[in-house]
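Everything below concerns the one structure shown next.
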Amino acid sequence: MRRPSTHDAIVIGAGPAGTSIALALARRGWGVAIVEKNMFPRRKVCGEYISASNLTLLDRLGIGDAWRAEAGPEIRRVGLFSGDACIEAEMPGARLGPAARAGFGRALGRDVLDILLLDAARSAGAQVFQPCRAVAVEREGDCQAVRIEARDCRDEATILRAPVVVAAHGSWEPGPLPSQLEKKSRPSDLLGFKAHFTGSSLAPDLMPLITFRGGYGGMVTADHGRMSISCCIRRDRLALLRSGLAAERGGHVSAAEAVEHHLMATCRGVREALEEASADGPWLAAGPIRPGIRAGYEGDIFRAGNAAGESHPIIAEGISMALQSGWLLARQLDDAQAGQAGRQAAGRRYEAAWRGLFSTRILAAEAIARIALGPGGAALMEAVVRNFPLALTLGARLSGKTKPVPGLVEGRPTPSRQAPLE
């Protein structure tokens, strides 16, 4: 056992939620430890689009210029690819700056974005433990002790101590921590798939929603000429597709093969976009997705990102919500009084702010996903959008793509903490 290390805050998970809070706190003078189980760069099942409403936040975090240099083209149109239908409408722009200049979102691969954020957090003073897995959290007086193990050496453990522990480990993987969700398989589970392609003919400024029986997805042009396609499909529907395709081909068929074949066979827009494209790496899979709102503070552990709650990815707001939840939590923690009572008060404020910013888009995503996944849902959505294309623009606005991040528009100054919380 290595000697315990004491910090002001321990953040478990180095995705956009974890690194945004670690970076924000470190830039305010906090002693922060980040625990990440995987080495970077790593690819993730993720749509990769970041709304323009986050541009001011990326600048405040100090990675705005690097993000602009790396990200794909501006997304100025939203669309619907369903069956033979390919329908387009304008993407609403977010108002940026005092001159109310319109800004548009762009996409950046997680293999690039995560390194930008983690390097910035490390440069700001955060101590990074990677690749290490958090395996236990126990109270020690007013602090909590987080036991971490290096992934390549489970015989040696390290204890990190801090009054503040943040779970930013996502929601898709079960584990021993009290903040991790139990994983149960259900026929209605939505499983996520994602792949990159080069040489796609998808218009670079277009982000279409894809609907098909049993699921939905999206496409967007990201960095370095890569087109990112991601989708969710019901577990029971996927099983039927695999068995049917296996019978047709006379052999085993992987889940990824069945998904790609189904997209190409049932959606003209996908088929045309990938006709001359080449896969850039294998398909990735993850899940099941657990949409909904969870406790932002429970058992003296704060939650950010998907650990706090997630929307159906049909609205392409996952990264935005992760970044913004980290920022919200950092603001509340920096104003918190010392001791558990102060953390409890900060937790209540954080949960209220979280719901105020995200509840509408989560409910909107739930409503849209229910339609898309229901009997005849794809045909219904196609009929509505065909007769009223501006429904796509309205849906993008309702999903939060133009909603400003609290604490940035007001020009709230960034405070600096000179001493640990203890």
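The values are calculated or read from the model by the stated rules, or taken from the named source; none is laboratory data. Treat the numbers as computed from the prediction; the structure is a model and nothing was measured. In this analysis, Cβ positions are derived from the backbone assuming ideal geometry, glycine residues included, and neighbour counts consider all displayed protein chains.
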ask   = GLU276 passes all but one of (1) outside any helix (DSSP H, G or I); (2) closer than 18 Å to LEU191 by Cβ; which number fails?
value = (2)
key: Subset of segment 270-290 (residues that are touching a Ser or Thr at 6+ places or on another chain (Cβ under 6 Å) and over 18 Å from THR221 (Cβ atoms))   = ARG290
task = Starting from segment 306-325, take each residue that is in contact (Cβ under 8 Å) with a residue 60 or more places away in the chain and closer than 17 Å to VAL78 by Cβ and list its partners that are polar (S, T, N, Q) and in a helix (DSSP H, G or I), counting only C-beta distances under 7 angstrom and pairs at least six apart or across chains.
result = SER320/SER53; SER320/ASN54
request  = Considering only residues that are among the aliphatic types (A, V, I, L, M) and surrounded by 15 or more Cβ atoms within 10 Å (Cβ to Cβ), look in segment 339-353 and name the one that is nearest to the chain's Cα centre (by Cα).
outcome  = ALA353
ask   = Looking only at segment 126-165, which residues are outside any strand (DSSP E or B) and either of a type in the set (S, T, N, Q) or free of Cβ contacts under 8 Å to residues at least 40 places away in the same chain (or both)?
value = GLN130, GLY141, ASP152
message = Of the residues GLY377, GLY400, GLY395, GLY356, only one is under 18 Å from ALA308 (Cβ atoms) and surrounded by 16 or more Cβ atoms within 10 Å (Cβ to Cβ); which?
response = GLY400
note = Within segment 122-154, residues of a type in the set (Lys, Arg), surrounded by fewer than 20 Cβ atoms within 10 Å (Cβ to Cβ) and either within 16 Å of GLY13 (Cα to Cα) or modelled with pLDDT of 90 or more (or both) come out as ARG122, ARG139, ARG147, ARG151
inquiry  = Would you confirm whether or not segment 275-293 contains a residue that is free of Cβ contacts under 8 Å to residues at least 40 places away in the same chain and either over 16 Å from CYS231 (Cα atoms) or surrounded by fewer than 17 Cβ atoms within 10 Å (Cβ to Cβ) (or both)?
reply    = no
